[in-house]
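The block underneath contains the structure these notes are about, expressed in structure tokens.
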Amino acid sequence: MKAVYVDPFEKTVTAVDVANVEDYKAWRTKYLKCDLFELAHVLRDHLVFVDEEGLLKDWDTQAFWALPGLRPVAGYALIFGDPGNGAESDADPQLAKALAKVITWVDPKSVVVPAPTFSTLDKDGNVKETTLLGPSEFWTYDNQP
């Protein structure tokens, strides 16, 4: 299956063939180089898989990238087409070239991202938002996990 691979460490965007897309462990290990992955909602009509723990890694050794107008993404990405049912399909062959023109490689020292939050209920059953890992609303190079 055709996909697009974003490598912010080498600063490249390339078209790749993923042999067995159902074998998540194989392509997660080969391309994303992580244990856990998640969907990043940064590109319409595409499934963009990224390292779920990318922001938790040491920012001195992490690499970031961004699409215009969106927050930076930490680490590698593997992008498939999305036929609308959440299943992977071939990425458009021209997507790698188009993304290479608009992706920005972001210096970790300039990254500002919203801190992850989780919701809990108070004793009255009302939702209470709590910021993970401290009171700051944002994570930056000087205020990272």
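Selection of strands (runs of 3 or more DSSP E) fully inside segment 47-145 by the criterion of at least 1 residues being surrounded by 11 or more Cβ atoms within 10 Å (Cβ to Cβ) and at pLDDT 90 or above returns 64-66, 77-81, 104-106, 112-114, 138-140.
The residue that is surrounded by the most Cβ atoms within 10 Å (Cβ to Cβ), counting only those in segment 1-44 that are among the aliphatic types (A, V, I, L, M) and assigned to a loop (DSSP other than H, G, I, E, B), is 18.
The values are calculated or read from the model by the stated rules, or taken from the named source; none is laboratory data. All values derive from a computational prediction rather than experimental measurement. Cβ atoms come from the backbone with ideal geometry, glycine included; neighbour counts cover every protein chain shown.
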